[in-house]
Every structure is written in structure tokens, then in C-alpha cells.
């Protein structure tokens with residue numbers, strides 16, 4: 001069973017991703033601060049249908065200094081890591097002029113610094129093991145504008161830049177690095193959207209709707225699979241045509 | 001296996017795997033002239049962490065880098081103490 005780490009795997013998009021990967025024959029390892037009720041059900045379901053396909057590891061990804069120890073412990077417990085899905089993120093919105101510096105710092109720490117440091121430690125082991133796949137969850141906000149999301153957008157744009165250059169750096173070691181850029185998806189993170197904003201996004205999308213969690217999870221599964229072996233350094237947008 | 005022999009065996013193994021021509025390994029060999037590139041060093045550091053349980057380059061305070069092969073070995077010997 002190929003091991004795939006999914007950060008923020010306890011709810012929202014991350015939970016959708018671990019469910020799909022577990023059903024597709026991977027061992028999905030959900031890394032998150034707390035085990036949520038929906039993750040608990042998913043763990044039971046996975047154990048019943050595909051034993052060993054889903055695991056939970058409690059870890060706070062804002063604890064940057066503890067990341068090397070986490071990766072060492074994961075390799076010891078599960079063996080080589082085939083895939084890494086950097087999905088965990090925080091999504092505070094608010095106009096920049098009023099955003100507390102502590103919140104700006106937290107956004108950058110969780111959405112940019114933490115995935116970069118985690119990737120550093122995981123990619124080293126992938127190179128030593130002869131290859132692997134990294135999928136970074138960005139956002140369409142990384143390349144289009146949305147008022148109130150400037151800092152979040154900065155972190156997501158950084159992830160796309162990180163993806164492209166890292167793909168060039170580690171390609172010859174057999175590691176593929178790609179991003180998935182979801183549009184607005186119904187999760188806890190977008191709960192703050194007003195009905196009116198949501199309708200406006202739907203109306204402006206080619207397919208006249210929002211993408212679902214599973215649409216994004218399918219894109220991640222594709223990029224981890226053998227069918228994507230010649231794809232690296234790219235961004236796969238899953239936004240129902242919102243930015244088309 | 002001593003730290004020195006673990007380091008030397010990784011240098012040889014990674015050079016072979018990555019098709020790099022390894023310079024003769026002597027203590028005063030500058031790492032930049034060893035024939036290995038930075039990706040090779042990333043692999044060596046990862047494998048040595050598995051073998052020796054230490055990574056002298058991960059500590060947040062660590063800003064110094066070894067210049068010669070002897071420096072590189074000393075970093076590991078000090079970290080393993």
C-alpha cells in the first residue's frame with residue numbers, strides 16, 4: 001500500500017481527499033490537530049471496507065520546529081512516504097487595513113511556512129527512496145482577485161510559485177510536484193460567505209455552480225496516480241469554470 | 001559501523017546511484033569538488049539520518065556548513081555525541 005500524507009485531513013477538503021485515497025487503494029494518513037467526528041466515521045468505514053487504508057496522526061502543523069520529528073516518526077511507523085498532499089490551511093478573511101499582524105502571521109505560518117518545511121523533510125525521504133508525488137492545494141484566489149482575501153491569496157500564490165520551482169529542482173530524482181487550485185467549495189472555511197456572494201460566484205462560473213469536495217479530491221487522486229507520471233510543475237484548476 | 005565509515009559508504013553508494021564520478025575521498029577534499037551535487041547531499045543526509053539517527057543540518061540554530069569531507073564527518077560525530 002502506498003503511503004500518502006494528507007495535512008488537514010480531518011475535515012473539509014482534506015477529509016474528502018483521505019476518503020477518496022483510502023477507497024482507491026492508498027494508505028491515507030490524515031494529519032490534523034484533532035480527530036473530528038466525520039473523520040472518526042471515515043476511519044471506521046475504511047477499516048471495514050479496506051483495512052489499513054486510513055490512519056490518523058494528531059499533530060499541530062503550526063509547530064514548525066516539531067515537523068522533522070513528525071516525519072521521522074511517520075517513516076518509522078508506516079515506511080516510505082509515496083505522496084504528500086499539502087492541504088491544511090487557515091482562511092481568515094478581512095480587509096488588510098484592519099487585519100491584526102498576529103492573524104497575518106498565522107496565515108503565513110500555517111499556509112506557507114508549514115507546508116514548505118514539511119515538504120522539505122518529506123521530499124528528502126522521497127529522493128532517498130527513489131521518487132514520489134507532492135500535491136499542493138492552492139486556490140483560484142492565488143491568481144484572481146477577491147476582496148477581503150489578500151493575505152490568504154498571497155499564501156496561495158506562494159504555494160503555486162513553490163510548486164513550479166520545486167518541480168524543477170526534484171524532477172530528476174523522480175518526484176513530481178503539482179498544485180490543485182480549487183474555486184470556492186462548500187466547506188467550513190467558506191461558511192462565512194453570504195448567500196448572495198455564493199450565488200454571484202455560481203452565476204459567474206461557466207458551469208453555473210460551485211465545485212464539490214469530491215471534484216477536488218478526484219483531481220488530487222489523478223495527480224497521485226500513474227496516469228499523471230508525466231505531469232509536474234503545473235496547476236490543475238477545479239472551479240466549475242469560475243476563472244475560465 | 002563508525003560514523004566515518006557510514007558517511008564514506010553513503011558517499012560511494014549515492015555517487016554510484018546518481019552516476020556521478022566521485023573524487024578520491026580524503027579528509028581535505030572540498031565537498032564542492034567531490035563530484036556530488038546538492039541533490040546527492042540531500043539523499044546522503046536523509047540516509048545518514050536513518051542510519052545514525054541524527055541530522056546536524058536541521059537544527060534551527062545551525063547556520064554553518066561543512067567545507068571539507070573531514071568537516072562533514074565532524075558534524076556527524078559531534079551530533080551523534
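Here are A:74, A:54: which of them is within 14 Å of chain B (Cβ to nearest Cβ) and buried (at least 17 other Cβ atoms within 10 Å of the Cβ)? Checking each option against the conditions leaves just A:74. Applying the condition of being surrounded by 15 or more Cβ atoms within 10 Å (Cβ to Cβ) and without any contact (Cβ under 8 Å) to a residue 40 or more places away in the chain to the range A:187-211 and asking which residue is nearest to the other protein chains (Cβ to nearest Cβ) yields A:211.
Here's the yes/no breakdown for (1) farther than 27 Å from residue A:122 by Cβ; (2) at pLDDT below 95:
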| site | (1), (2) |
| --- | --- |
| B:2 | yes, yes |
| B:26 | yes, no |
| B:38 | no, yes |
| B:57 | no, yes |
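If the requirement is being out of contact with any strand residue (DSSP E or B) (no Cβ under 9 Å at 6 or more places or on another chain), loosely packed, with under 14 Cβ neighbours inside 10 Å and farther than 26 Å from residue B:53 by Cβ, which of these qualifies: A:36, A:41?
Answer to the selection: A:41.
Scan the range B:33-55 for residues that are without any contact (Cβ under 8 Å) to a residue 24 or more places away in the chain and more than 12 Å from chain A (Cβ to nearest Cβ) and the total you get is 2. Within the range B:32-57, being part of a loop (DSSP other than H, G, I, E, B) and crowded, with 20+ Cβ neighbours inside 10 Å holds for B:34, B:36, B:55, B:56.
Against the conditions (1) under 10 Å from the mean Cα position of the chain (by Cα); (2) part of a loop (DSSP other than H, G, I, E, B), residue B:7 satisfies every one except (2). Only one of the numbered conditions (1) touching a strand residue (DSSP E or B) at 6+ places or on another chain (Cβ under 8 Å); (2) within 26 Å of residue A:69 (Cβ to Cβ) is violated by residue A:105, and that is (1). For the range A:68-92, a tally of residues being more than 24 Å from residue A:224 (Cβ to Cβ), outside any helix (DSSP H, G or I) and out of contact with any helix residue (DSSP H, G or I) (no Cβ under 7 Å at 6 or more places or on another chain) returns 0.
Residue count for the range A:22-37 under the criterion of being touching a helix residue (DSSP H, G or I) at 6+ places or on another chain (Cβ under 6 Å) and part of a helix (DSSP H, G or I): the result is 1. Restricted to the range B:60-81, and to residues that are within 14 Å of chain A (Cβ to nearest Cβ) and surrounded by 12 or more Cβ atoms within 10 Å (Cβ to Cβ), which residue is modelled with the lowest pLDDT? In this case the residue turns out to be B:62.
Given the options A:136, A:111, A:176, name the one that is outside any helix (DSSP H, G or I) and closer than 24 Å to residue A:64 by Cβ. Of A:136, A:111, A:176, the one residue that is outside any helix (DSSP H, G or I) and closer than 24 Å to residue A:64 by Cβ is A:136.
Yes/no matrix, rows are residues, columns are (1) surrounded by 22 or more Cβ atoms within 10 Å (Cβ to Cβ); (2) within 14 Å of chain B (Cβ to nearest Cβ):
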position: A:90; (1), (2): no, no
position: A:97; (1), (2): no, no
position: A:100; (1), (2): no, no
position: A:106; (1), (2): no, no
position: A:117; (1), (2): no, yes
position: A:121; (1), (2): yes, yes
position: A:131; (1), (2): no, yes
position: A:136; (1), (2): yes, no
position: A:147; (1), (2): no, no
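The values are calculated or read from the model by the stated rules, or taken from the named source; none is laboratory data. Bear in mind that the values here come from a model prediction, so they are computed numbers and not experimental data. As a convention, Cβ positions derive from the backbone with ideal geometry for all residues, glycine included, and neighbour counts pool all protein chains shown.
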